[in-house]
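Data block below; observations after.
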Ligand SMILES: [Zn+2]
């Protein structure tokens with residue numbers, strides 16, 4: 001049995017609003033207008049002021065575009081009334097870096113905002129995914145889902161069906177275990193040469209640059225961008241003193257032009273913790289900097305900027 005007249009009505013209202021005023025500025029929308037936008041409907045036509053979202057008693061979500069100065073996921077989460085872990089889980093992004101212009105889904109309660117994948121997905125099926133095993137524990141968790149999402153109580157008796165794109169708050173979500181790439185150096189990061197074609201300053205010709213050049217003073221400690229196992233250390237033409245680390249999924253990272261190497265092949269190293277070497281200017285280099293590469297399991301160089309912080 002399908003029981004979703006309330007949802008359909010809400011969706012119709014939002015559809016009308018969106019069609020009539022697709023580019024309404026957030027501040028022109030009266031606070032009570034936002035009451036219409038629940039987790040089960042589309043986000044508002046524009047970004048709601050965080051204070052309004054935070055004040056809502058029911059769950060609501062919106063899209064947020066990161067602007068200059070918003071570098072802390074913790075602060076952003078607090079503004080909307082949620083937690084950093086909730087934003088991480090909802091966006092499948094560690095939010096280790098917050099690039100200006102990236103769009104994030106924000107919500108106003110702690111929890112993961114789950115997007116229903118296909119029409120007819122049922123409450124019990126979602127509970128199977130997110131709730132602990134064991135009949136009584138799952139029943140309690142399912143009840144929690146109904147309460148958190150303001151679903152009718154009957155949803156527990158007749159399995160509730162959702163439509164593709166519906167959003168559901170999962171209050172007791174598993175905090176994702178991110179195994180993503182971080183910058184291999186501490187402190188401010190200044191990339192002096194990015195990934196892609198460039199004019200090589202020493203070879204005097206255009207050449208593909210396989211990674212990032214990060215400027216740091218001679219001797220600055222270098223840490224693994226991701227945990228893994230060292231598979232190669234030593235001198236390599238062009239790279240100078242090089243460390244190669246392999247990660248659990250077969251991807252590798254490379255750290256070149258080092259002045260010192262503290263690890264040996266076979267050694268396990270921990271992201272951000274094991275000091276693997278020091279910045280130098282060995283090999284084909286014009287001054288102290290770290291040459292940092294990310295390679296996929298086929299040994300193809302990947303733009304590190306695309307990988308850093310993404311789970
Ligand atoms: Zn380089």
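The values are calculated or read from the model by the stated rules, or taken from the named source; none is laboratory data. Only a predicted model underlies this, so the values are computations on that prediction, with no experimental measurement involved. Glycine gets a Cβ as well: all are built from the backbone with ideal geometry, and neighbour counts include every protein chain shown.
Out of all the residues in segment 97-117, is one or more touching a residue at least 24 places away in the same chain (Cβ under 8 Å), exposed (fewer than 14 other Cβ atoms within 10 Å of the Cβ), touching a strand residue (DSSP E or B) at 6+ places or on another chain (Cβ under 8 Å) and at positive phi? Yes, there is a match, as at least one residue in segment 97-117 is touching a residue at least 24 places away in the same chain (Cβ under 8 Å), exposed (fewer than 14 other Cβ atoms within 10 Å of the Cβ), touching a strand residue (DSSP E or B) at 6+ places or on another chain (Cβ under 8 Å) and at positive phi. Would you say residue 219 is away from the ligand (no atom under 15 Å from the Cβ), under 20 Å from residue 191 (Cα atoms) and in contact (Cβ under 8 Å) with a residue 40 or more places away in the chain? Spelling it out, residue 219 is indeed away from the ligand (no atom under 15 Å from the Cβ), under 20 Å from residue 191 (Cα atoms) and in contact (Cβ under 8 Å) with a residue 40 or more places away in the chain. Looking only at segment 268-281, decide whether some residue is modelled with pLDDT under 95, assigned by TED's automatic domain parsing to the domain that holds residue 300, within 15 Å of the ligand (Cβ to nearest atom) and in a loop (DSSP other than H, G, I, E, B). No - not one qualifying residue is present in segment 268-281. Determine if segment 161-179 includes at least one residue that is over 29 Å from residue 64 (Cβ atoms) and in contact with a helix residue (DSSP H, G or I) (Cβ under 9 Å, 6 or more places away or on another chain). Checked against the condition, which is being over 29 Å from residue 64 (Cβ atoms) and in contact with a helix residue (DSSP H, G or I) (Cβ under 9 Å, 6 or more places away or on another chain), segment 161-179 yields at least one hit.
Pairing each residue of segment 240-266 that is free of Cβ contacts under 8 Å to residues at least 12 places away in the same chain with any residue that is within 14 Å of the ligand (Cβ to nearest atom) and outside any strand (DSSP E or B), provided the two are 6+ apart or on different chains, yields no C-beta distance under 8 Å. Taken together, the criteria exclude residue 258 from residues that are outside the structural domain of residue 279 (by TED's automatic domain parsing), modelled with pLDDT of 95 or more and within 16 Å of the ligand (Cβ to nearest atom).
Residue check: is residue 284 in the same structural domain as residue 201 (by TED's automatic domain parsing) and within 13 Å of the ligand (Cβ to nearest atom)? Yes; evaluated as a whole, the condition is true for this residue. Just one residue in the set 240, 234, 211 is at pLDDT 95 or above, touching a helix residue (DSSP H, G or I) at 6+ places or on another chain (Cβ under 9 Å) and either at positive phi or within 14 Å of the ligand (Cβ to nearest atom) (or both); that residue is 211. Those helices (runs of 4 or more DSSP H) of segment 17-107 in which 2 or more residues are modelled with pLDDT of 50 or more, assigned by TED's automatic domain parsing to the domain that holds residue 171 and more than 20 Å from the chain's Cα centre (by Cα) occupy 50-55. Counting only strands (runs of 3 or more DSSP E) that fall entirely inside segment 157-205 and contain at least 1 residues that are within 16 Å of the ligand (Cβ to nearest atom), the qualifying elements are 191-193, 196-199.
Every condition in (1) in contact with a strand residue (DSSP E or B) (Cβ under 9 Å, 6 or more places away or on another chain); (2) at pLDDT below 90; (3) farther than 30 Å from residue 82 by Cα holds for residue 174 except the one numbered (3).
For segment 289-304, the tally of residues that are away from the ligand (no atom under 14 Å from the Cβ) and surrounded by fewer than 16 Cβ atoms within 10 Å (Cβ to Cβ) stands at 5. Working only within segment 119-146, note down all residues that are exposed (fewer than 14 other Cβ atoms within 10 Å of the Cβ), in contact with a helix residue (DSSP H, G or I) (Cβ under 9 Å, 6 or more places away or on another chain) and within 23 Å of residue 107 (Cβ to Cβ). Matches in segment 119-146: 128, 132. Evaluating residue 159 against the criteria (1) surrounded by fewer than 19 Cβ atoms within 10 Å (Cβ to Cβ); (2) on the phi > 0 side of the Ramachandran plot; (3) in contact with a strand residue (DSSP E or B) (Cβ under 7 Å, 6 or more places away or on another chain) leaves one unmet condition, (2).
The residues of segment 220-252 that are buried (at least 19 other Cβ atoms within 10 Å of the Cβ) and assigned to a loop (DSSP other than H, G, I, E, B), listed by number, are 220, 223, 224, 225, 226, 239, 247, 251.
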